[in-house]
């Protein structure tokens, strides 16, 4: 049974990410990728899956989406419009039945040859998930970072709401000022039109008086001077 307890290295994470992305692109499953990485690193597939979901995946979300997009494009190129059965890229090695029987004898009182005949088709079962202290700490740290991210988003949301309310208040004030300016412009226009009417009336009255006023007549006296005649 795989019970590796050492910490994950950057090379291990890189191998895990590349393998998962390859399986997704080629139409395989992430579980199959975990099995392949587990056999390469002597870890359980459950530990690889836990590491991928808790730590590594956050740094490869865009690459994962591109891999899924590539898989769809590949299916379209092959003329497959309906979902197809996953094609597993990795086949886990078959356990050595003889070593399995020697290590876990079913009938201790019988000989090895008899045990070989009895253990003909043992059922292969996956190892139980093994949680390490390092994987748990990594998962808790990722949860803590997620909580910090949520708090930052909440704070940013509150700031944007406050900024929005301030902009709305300023907008209302500007609308009031615009209404006042428009009303002032209307009043000025009305005053201007009234003033023009008064000026036109005054001009007409002056012209009328000049037309009604009799022309002034003059006469020459004995000395040759002009004098105004009485009206």
Legend entry - Whichever residue in the stretch 111-168 is at pLDDT 70 or above and within 30 Å of residue 92 (Cα to Cα) and, among such residues, is surrounded by the most Cβ atoms within 10 Å (Cβ to Cβ): 135
Inset, instruction - Run residue 53 past the list (1) assigned to a helix (DSSP H, G or I); (2) touching a helix residue (DSSP H, G or I) at 6+ places or on another chain (Cβ under 7 Å); (3) surrounded by fewer than 20 Cβ atoms within 10 Å (Cβ to Cβ) and report the number of the one that doesn't hold. - result: (2)
Legend entry - Number of the condition not met by residue 71 [criteria: (1) assigned to a helix (DSSP H, G or I); (2) buried (at least 20 other Cβ atoms within 10 Å of the Cβ); (3) in contact (Cβ under 8 Å) with a residue 40 or more places away in the chain]: (2)
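The values are calculated or read from the model by the stated rules, or taken from the named source; none is laboratory data. Just so it is clear, the model here is predicted, and its values are computed rather than measured. Every residue, glycine as well, gets a Cβ built from its backbone with ideal geometry; the counts of neighbours run over all protein chains shown.
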